[in-house]
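For reference, the structure is listed below as structure tokens.
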Amino acid sequence: MQHAIQQIVDGLAAGSIYGALALALVLVYRATGMINFAQGLMAVASTYIALTLWQAGSPIGAAVAVAIAVSLVLGAVTERLVIRRFEGASPHTAVVVTVALLILINGIVGAIWGYNSQPFPSLFPTGTVTVGGVVLAIPSLATIGVLIAVVVLLQLLFLKTKLGLALRAVANNPESSALSGLNVGRLLMVGWALAAGLGALAGALIAPKVYLDPGMMDTILIYALAAAVLGGLDSPMGAVVAAWIIGVSENLAGTYIGFIGNDLKIGVPLVAMFVILLTRPQGLFGRKEAVRV
Amino acid sequence: MTTTGTPSPGATRVGPARRPASAPLRVLTVVALVAGVIAIALIPLSATPYTNYQLSVVAAFAVAILGLNIVSGYAGQISLGQSAFMGLGAYAAAFGVTHGWPVVASFLLAALLPAVVGLVVAIPAVRLRGNALATVTIILPILAVPLAKRFSDITGGSEGLNVDWMHAPAGVGLDDDQWRYYVVVAIAAVLFLLGRNIVVGRIGRAFAVVRTNEAVASAMGISAHRYKVLAFTIASFYGGAAGFLYVAVVQFASPDLPNFLVAINMLAALVIGGFASLWGSVVAGFFYVYVPVFAGAVDPSRTNIFYGAALLLVLFIVPGGVSGGVSRLVRLLVGRLFGRRPPARDDDALTDPQPITSTQQDTAVPDASPDGLRSSVGPRKEVP
């Protein structure tokens, strides 16, 4: 039983990292109607920035904070310079654009920092706490805490601020928002900026566990995509809950179902995503989309 | 408001039917075609074995990318999983060879098994649109790699399967590399001819309607769902056949083939080569094989920068990719020389802008008369 609880907490911690990236995907989808397949590599680039700062002698917390700030700017710039040109393009153009970004950023990151794995320092002290006889790792608990804080902050931003109201308006109906005097372009930039910042956070959380290399986020992106789709693409809460479900279920399945094991556990969220998309295309928490002609 | 929007003028093009080429252009095409066939037949006799090997790999990837083109370019359903089908075909071919099957049986297994898998995946998957379909198809390569490693009795695990076959028969007077080149290129040529007939025929026109506007498709009595499944199945068939060709050349099937990045790069090469264009698939095959070679001469990490930059360049300024750009250039030159107006620009970032003729525009919008409907999906002869 103790072992199972540890597995669940570790699963929640992994799910929190998927959740951070899934939130980024949801923000971009709400803002520009695109699934940003490059979100993972944008996060990798941010993590390398943090690594460089840390290697230059900055404390890791400050390095990550600066990297997040830089990512906010880079995300906005990407929206303005590349994505803006393809807003309202057909979905397949949108997919290809983000795939182009994925490949390009992979090349740039590889050219600057190389393709070798590099260790990345943990944001949190290593160690364990014992709660009711169950030994829990502090980084796992802290990761879960960080994600909960992020969700609360995002909810406050969206529900309690004028900027959040404007962001929701643009996500809901760009034309009417523009007619009401909102600067749609700038708000879309804000959406992409926030997403890039969240990605940077996800990168800094996962890097200490898996070592940093340009392919680090490939698998994480798949989990995040699964979480975002399961949660219904336009629902931040849905994405986070789905990410936790995925993290826990794959951890338990990988540990306790012999056939699945560690190598096939990625199949768990993917099969779940497939089944959900077929039975509830709008996801677990998403709004049903009406298509009018 | 969740309208899908009224189709833009560019989107009203129905069917890949082109403006009848002008006479000089037609002569030029025939000359180029004949010269190309002669060159393809003669090259392996004088080229180095390594060049023959590379060109054969180009042919294999061109076939896989043609399949991707049929589902993504022609039918408009983006797939990020084509490499999984190619990998499956490669393993199937290697399985046939190691179990002493006749070559034809190995080919059928390599092409039909992925086609069946593609069909099974497509029936539910094509209910999803654009983004969501791309998301689901990513699953295939991501799952294929650990599965290939897991079932190591059949697949050879991470090591892969080495095979030793497709040797030049005695008495032909060809080396192995030349023989493989001819076999692979011949099969690829047949598959391209088949693909051409699919995309210019009735099915191709139906794909185009489904791609441009599903509502129009159903108004015409074309089941978007059925045609998307068909496109996906054809793409899987081509992927599997390409896997067979790959194993014929490389003599090796491994988990490196059904990889996520291979699928992504195939899509990138396709867009750079030219979406919804047969020549585009050939260019894409060359691009896929040769860019890493050239970039690798400088620095391996430059491959991705070049790929990404070329892809963005195509999206920003050369709609239609290399093949679209070249064909527009040729048309422009021929037009200058023989006094025809250059074609107008179109705003779709992916497809080659074809000028819209008045008949196409008329028939693209479905009107109430059954003749109007039939003329745009049925035989084009009926168009006045």
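Quick note: the coordinates plus some simple rules give every number you see, no bench work behind them. Predicted, not measured: the structure shown is a model, and the values here were computed from it. Heads up, the Cβs are rebuilt from the backbone with ideal geometry, glycines too, and the neighbour counts pull from every protein chain shown.
Summary table below
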quantity	calculated
Shape metrics for the stretch A:2-134, restricted to C-alpha atoms - Rg then Dmax, Å	17.9, 57
Kirkwood hydrodynamic radius (C-alpha pairs) into Stokes-Einstein, the stretch A:1-51, 20 °C and 1.002 mPa s, D in µm²/s	169
5 angstrom amide H check on A:GLU87, placed H, neighbours 5+ away	none
Highest-fluctuation residue, A:LEU23, A:LEU41, A:LEU264 considered, GNM on chain A with Cα pairs under 10 Å	A:LEU264
FRET efficiency, A:ASN172 to B:ILE123 (Cβ-Cβ, R0 41 Å, nearest 0.05)	0.75
Rounded to whole Hz, the Karplus (6.51, -1.76, 1.60) HN-Hα couplings of the stretch B:175-187, x for glycine and proline	7, 4, 5, 5, 4, 4, 4, 5, 4, 5, 5, 5, 4
Amide proton proximity set for A:THR128, modelled H, under 5 Å, gap of 5+	A:ILE138
Crossing angle, helix A:216-231 versus chain A [Cα axis fit, 0-90 degrees, rounded to tens]	70
Using alpha-carbon coordinates, inclination of helix A:91-113 to the longest axis of chain A, degrees	50
10 Å Cβ shell holding at most 16 others, DSSP loop, chymotrypsin sites (Phe, Trp or Tyr not before Pro): longest site-free stretch of chain A	A:1-114
Förster-model FRET efficiency, 22 Å R0, A:LYS209 and A:VAL73, C-beta, rounded to 0.05	0.20
Dipole in debye (nearest 20) - the stretch B:47-318, about Cα centre, beta carbon charges: Lys, Arg +1; Asp, Glu -1	1060
Separation between Cα centres of the stretch B:248-275 and the stretch A:192-220, rounded to whole Å	26
J(HN,Hα) series, the stretch B:105-113, from Karplus relation 6.51 cos²θ - 1.76 cosθ + 1.60, nearest Hz, glycine and proline x	5, 4, 4, 4, 4, 5, 8, 7, 4
Amide N proximity, the stretch A:107-140 versus A:TYR256 label position 7 Å along Cα-to-Cβ, cut-off under 19 Å	A:134-136
Interchain or long-range residues, amide H under 5 Å from B:SER22's placed H	none
Helix-only CD estimate at 222 nm, as mean residue ellipticity for the protein assembly as shown, using -39500 (n - 2.57) per DSSP H run (n ≥ 4)	-23500 deg cm²/dmol
Alpha-carbon gyration tensor eigenvalues x 5, square-rooted, for the stretch A:187-293, Å	25, 22, 10
FRET efficiency estimate (nearest 0.05) - Cβ-Cβ, B:LEU261 to B:VAL31, R0 35 angstrom	0.35
Two-site label geometry, A:GLU87 and B:LEU313: point separation in nm, points 7 Å out along Cα→Cβ	2.8
